[in-house]
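Visitor: Following this message is one structure expressed as structure tokens.
The values are calculated or read from the model by the stated rules, or taken from the named source; none is laboratory data. Being a predicted model, the structure only gives us computed values, none of them experimental. Cβ sites come from the backbone with ideal geometry, for glycine too, and all protein chains shown count toward neighbours. We work out accessible area using only protein heavy atoms, side chains counted, and drop any ligands, DNA or RNA first. Shrake-Rupley method; radii C 1.70, N 1.55, O 1.52, S 1.80 Å.
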Amino acid sequence: MPVLIFGLFGLHHGLELKLKETSEKSIKEEVLFNYKNRCYEIQSFSLSGKKRYINVRQIPNPGLYPSKKRVEFIPTVSLKKSNI
């Protein structure tokens, strides 16, 4: 499922990535995930309708959050950059 992810690498434009098939159940606010050697926290999301998006913020020191749940829901290949 393609989703626009805002906040990756500190950029405001959306990066469209394809999520894993079972990822919808893993996506929750305040969940951490790693992408290209950086750690992010999900701030908000909408996976319904035409415009699916996830807003994230980079966590500079993820070792300070050992009790937070971490998920893997993004494959390693990105689809395209959005013009939004």
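Okay, residues lined up against (1) at positive phi; (2) at pLDDT below 80; (3) not aliphatic (A, V, I, L, M):
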residue: GLY10; (1), (2), (3): yes, yes, yes
residue: GLU16; (1), (2), (3): no, no, yes
residue: GLU30; (1), (2), (3): yes, no, yes
residue: TYR35; (1), (2), (3): no, no, yes
residue: CYS39; (1), (2), (3): no, no, yes
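Visitor: I've got another one for you. Out of ASN61, ASN55, which single residue is surrounded by 11 or more Cβ atoms within 10 Å (Cβ to Cβ) and in contact with a strand residue (DSSP E or B) (Cβ under 9 Å, 6 or more places away or on another chain)?
Guide: ASN55
Visitor: On to the next question. Name the single residue that is nearest to GLY63 (Cα to Cα) among those in segment 14-27 being more than 10 Å from the chain's Cα centre (by Cα) and part of a loop (DSSP other than H, G, I, E, B).
Guide: By that ranking, first place goes to SER26.
Visitor: Would you mind stating whether TYR65 is more than 17 Å from GLU16 (Cα to Cα) and in contact (Cβ under 8 Å) with a residue 24 or more places away in the chain?
Guide: Spelling it out, TYR65 is indeed more than 17 Å from GLU16 (Cα to Cα) and in contact (Cβ under 8 Å) with a residue 24 or more places away in the chain.
Visitor: Report every pair of residues separated by at least 6 positions or lying on different chains whose Cβ atoms are under 6 Å apart, first residue within segment 14-33 and among the hydroxyl-bearing types (Ser, Thr, Tyr), second open to solvent by 10 Å² or more (accessible area, probe 1.4 Å).
Guide: Once the first residue is among the hydroxyl-bearing types (Ser, Thr, Tyr) and sits in segment 14-33, its partners that are open to solvent by 10 Å² or more (accessible area, probe 1.4 Å) give SER26/VAL71.
Visitor: Let me ask something else about it. In segment 41-50, what residues are part of a strand (DSSP E or B) and either without any contact (Cβ under 8 Å) to a residue 12 or more places away in the chain or on the phi > 0 side of the Ramachandran plot (or both)?
Guide: SER46
Visitor: Moving on to the next point. Give segment 1-45 a look and list any residue that's of a type in the set (Gly, Ala, Ser) and exposed (fewer than 13 other Cβ atoms within 10 Å of the Cβ), or say none.
Guide: GLY10, SER44
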